[in-house]
Amino acid sequence: MAVRTLGQSSFDRGEISPKYAGNVDLESFQRSLAVCENFIVLPQGMLTRRPGTHFVCEVKDSSKAVRLLPFEYSALDTYIQEWGENYIRFYRNLDDDTFGQILDGSSHIYEVTTTYSEAQIPEVDYIQVSDTMYLAHGEKSPATLLRTDHDDWTLNASPTITAKPTEWASANWPSKVTQHQQRLCFASTPAKPRKMWLSRTPNTSGPRLLDFTTGTDADNALVFDIVGTGEMQWLSSGRALYLGTTDETRTVSGSGGFYEPITPTSILNRDHANERSAAIKPVRLNNSLFFVSLSKTRVHEFSYAFEDDAFNAPDVTKWSDHIAGPGSNGGIVEIAITRDPVPIIWGCRNDGQLIGMTYDRESGVYAWHRHKIGGSFGGNNWGKVESIASVFMGGRDVLWMVVAREINGQTKRYIEYMEPFHDPVDENDIASARYLDSCISYTEETATGTFTGGGHLQGEEVQVFADGSRLPAQTMPGSGEIVLPNERTANEVLIGLNAPSLATTLPFDPGSVQGTGRAKEKRPLKAYVDLLNSAELKIGGDKDTLNNTTFMTSQTPIGTVPELYTGIKDLPINSSSGKNAIFSFGADGPLPCNVRAFVLQIETGQ
């Protein structure tokens with residue numbers, strides 16, 4: 001037997017498809033994982049635990065699905081909209097530390113009435129221009145949602161449309177909308193799925209976004225058809241007017257080039273990539289547009305390539321073609337993007353798992369990770385994420401989500417948002433960590449031992465995090481009241497659901513004197529794990545043999561919280577021999593875990 005030492009210094013390829021598990025000689029293989037669950041890959045290649053989710057409230061009617069839409073009026077005035085059957089509710093940053101539901105002057109939940117059914121809401125397309133959101137649905141007239149103040153919104157289901165196209169009537173209305181070069185762009189009625197209408201440009205009186213008066217002047221509206229066979233699935237504005245169809249991805253620009261204005265006498269429509277699109281609103285990051293394939297199993301990056309003088313749409317899920325989920329339960333249903341502090345394209349799957357891709361094009365980082373939100377639903381041991389949206393709020397981009405869970409035998413749908421990354425001020429700042437899901441938090445000037453408000457998790461086992469210490473789990477009573485054990489009191493307390501983080505390596509090939517060691521019996525013996533600001537780590541041969549690591553030292557006083565650990569932990573691995581040399585590591589509960597790299601000792605037969 002011989003002992004060999006191997007290492008992995010980056011995880012910036014994230015979780016890759018098991019189809020690549022044999023490609024040990026590829027450079028990308030050395031930066032990848034077989035499992036990256038409830039860990040987020042940072043652009044620097046480090047793994048950090050996914051922050052927990054903060055509970056805001058239950059939706060209006062938990063028996064019906066809802067959708068979240070973003071609205072950003074200014075950097076300080078940003079909103080999340082809860083769209084349910086025949087209503088909209090609103091959420092914002094109430095103060096520096098609290099995101100919540102908007103109430104009216106009588107302290108009642110502020111709500112706007114609509115005519116959109118539960119089935120129609122996922123099909124609503126939208127674009128925000130200044131203080132107005134323009135809405136499109138193939139069965140309804142274009143509508144507007146105007147913001148006047150936090151608790152003053154007006155939905156106009158039939159706004160005045162100048163020179164309204166004659167084919168817009170009954171149940172034959174445009175289903176897609178965007179804004180490009182100061183024109184409102186509508187497209188794809190049920191009868192004409194490849195037809196487009198672009199409004200007039202502004203004049204000295206202001207915008208003319210709902211004026212469709214045609215003519216030959218440069219400021220006149222345009223009406224034209226897109227050649228081909230595919231049905232339009234989305235519109236977006238960028239270097240040109242982008243559009244995805246069920247057959248290809250195209251651009252519309254002025255005839256002189258991408259930046260030339262589109263006018264009635266200058267228009268050029270180009271087919272760039274034959275990648276099919278799903279009817280899912282794409283997201284943009286810098287000069288790239290990310291859209292979901294028609295099969296809903298892939299994500300493509302649509303961007304301009306100078307060497308080709310054209311737009312390309314490579315598959316950014318190529319290395320992670322499993323990420324959308326298996327079989328009929330798989331498929332991406334919605335995507336969103338958070339840009340600051342870490343650029344991540346998020347998606348929710350048909351089975352309710354949340355997925356993300358950390359993106360840094362300049363550094364070649366396309367790192368996918370999966371997330372199981374705490375709880376259970378539909379026989380799965382995770383809460384089902386049904387809708388996501390993001391806005392800049394409280395100094396960062398915040399991912400909001402609708403999570404369905406089975407609570408006390410009933411289906412409950414909750415509005416939640418992802419907590420910020422843990423950024424400790426020093427090695428003693430453990431209490432600021434936020435890693436529990438559907439959590440509620442308390443900051444008390446006077447230490448207390450009783451905490452209320454947890455009724456939304458009735459009957460669930462909850463984790464309790466008090467002043468940086470992990471206390472025994474408790475079952476949430478119907479009263480929603482948690483009492484700290486042993487008459488303990490605390491100032492800062494977090495209560496919520498556990499969401500374990502797990503990473504599993506790909507098989508290592510330690511080699512042998514005869515060449516490859518892939519077919520040799522081998523066993524991981526020890527790992528040296530490089531940690532940053534961590535207070536939790538489990539390690540083992542696989543997810544079923546994980547053992548806790550202690551961060552207490554002989555110098556840690558009894559009854560105190562150990563400092564956050566930065567450095568290399570020397571840890572034995574509980575593993576048996578086999579052809580594949582892998583090991584797993586992770587964390588659970590409320591404590592932070594950040595892994596920068598590891599070195600692995602493997603015993604191998606010769």
Report summary line: For Ala389, the lone unmet condition from (1) within 18 Å of the chain's Cα centre (by Cα); (2) more than 20 Å from Leu42 (Cβ to Cβ); (3) not in a strand (DSSP E or B) is (3)
Report task. Return a yes/no flag: does region 245-265 have any residue that is among the small types (Gly, Ala, Ser), touching a Phe, Trp or Tyr at 6+ places or on another chain (Cβ under 7 Å) and either surrounded by fewer than 18 Cβ atoms within 10 Å (Cβ to Cβ) or under 24 Å from Gly138 (Cα atoms) (or both). Result -> no
**Report entry** Evaluation of Thr560 against (1) over 18 Å from Val595 (Cα atoms); (2) over 33 Å from the mean Cα position of the chain (by Cα); (3) open to solvent by 40 Å² or more (accessible area, probe 1.4 Å); (4) at pLDDT 80 or above (one fails), failing number
**Finding:** (4)
Report summary line: Exactly one of Val129, Val124 is in contact (Cβ under 8 Å) with a residue 24 or more places away in the chain, β-branched (Val, Ile, Thr) and open to solvent by 20 Å² or more (accessible area, probe 1.4 Å), and that one is Val129
Query raised in the report: Would it be correct to say that Ser117 is part of a loop (DSSP other than H, G, I, E, B), open to solvent by 30 Å² or more (accessible area, probe 1.4 Å) and among the hydroxyl-bearing types (Ser, Thr, Tyr)?
Result: yes
Requested in this report: Say whether the condition of being modelled with pLDDT of 95 or more and within 17 Å of the chain's Cα centre (by Cα) is met by at least one residue in region 306-316.
Outcome: yes
Query raised in the report: Can you pull out the strands (runs of 3 or more DSSP E) entirely within region 1-71 that have at least 3 residues that are open to solvent by less than 20 Å² (accessible area, probe 1.4 Å)?
Result: 39-41, 47-49
Report summary line: Selection from region 297-319 of residues in contact with a Lys or Arg (Cβ under 9 Å, 6 or more places away or on another chain) and either under 17 Å from Met232 (Cα atoms) or not polar (S, T, N, Q) (or both) yields Arg298, Glu301, Tyr304, Ala310, Phe311, Asp315, Val316, Lys318, Trp319
Requested in this report: Taking only region 407-429 into account, find how many residues are open to solvent by less than 80 Å² (accessible area, probe 1.4 Å) and either of a type in the set (Val, Ile, Thr) or part of a strand (DSSP E or B) (or both).
Outcome: 9
Requested in this report: Please find, within region 499-524, the residue that is most open to solvent (accessible area, probe 1.4 Å) out of those that are at pLDDT below 85 and not in a loop (DSSP other than H, G, I, E, B).
Outcome: Arg523
Report task. Can you run down the residue pairs with Cβ atoms below 6 Å, 6 or more apart or on separate chains, where the first is in region 589-605 and assigned by the TED database to the domain that holds Leu6 and under 17 Å from Ile40 (Cβ atoms) and the partner is among the small types (Gly, Ala, Ser) and open to solvent by less than 10 Å² (accessible area, probe 1.4 Å)? Result -> Pro592/Ala433; Pro592/Ser534; Cys593/Ser534; Cys593/Ala587; Asn594/Ser534
Query - Residue list for region 310-341, filter: buried (at least 21 other Cβ atoms within 10 Å of the Cβ), of a type in the set (Gly, Ala, Ser) and under 25 Å from Val252 (Cβ atoms) - result: Ala313
Query raised in the report: Exactly one of (1) at positive phi; (2) buried (at least 19 other Cβ atoms within 10 Å of the Cβ) is unmet by Asn286. Its number?
Result: (2)
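Identify, from the list Leu94, Leu69, the residue that is closer than 19 Å to Trp400 by Cα and without any contact (Cβ under 8 Å) to a residue 12 or more places away in the chain.
Only one candidate qualifies: Leu94.
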Query raised in the report: Right, Val595: surrounded by 15 or more Cβ atoms within 10 Å (Cβ to Cβ) and modelled with pLDDT under 75 or not?
Result: no
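Does any residue of region 155-165 turn out to be open to solvent by less than 10 Å² (accessible area, probe 1.4 Å), hydrophobic (A, V, I, L, M, F, W, C) and in contact with a strand residue (DSSP E or B) (Cβ under 8 Å, 6 or more places away or on another chain)?
No, region 155-165 contains no residue that is open to solvent by less than 10 Å² (accessible area, probe 1.4 Å), hydrophobic (A, V, I, L, M, F, W, C) and in contact with a strand residue (DSSP E or B) (Cβ under 8 Å, 6 or more places away or on another chain).
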Requested in this report: Look through Arg349, Arg339, Arg396, Arg361 and report the one residue that is closer than 16 Å to Asn38 by Cβ, among the basic types (Lys, Arg) and not assigned by the TED database to the domain that holds Lys19.
Outcome: Arg349
Requested in this report: For region 174-192, indicate whether the set of residues that are over 30 Å from the mean Cα position of the chain (by Cα) and surrounded by fewer than 16 Cβ atoms within 10 Å (Cβ to Cβ) is non-empty.
Outcome: yes
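The values are calculated or read from the model by the stated rules, or taken from the named source; none is laboratory data. Only a predicted model underlies this, so the values are computations on that prediction, with no experimental measurement involved. Every residue, glycine among them, receives a Cβ derived from its backbone with ideal geometry; neighbour counts consider all protein chains shown. Accessible surface areas use protein heavy atoms only, side chains included; no ligands, DNA or RNA. Shrake-Rupley method; radii C 1.70, N 1.55, O 1.52, S 1.80 Å.
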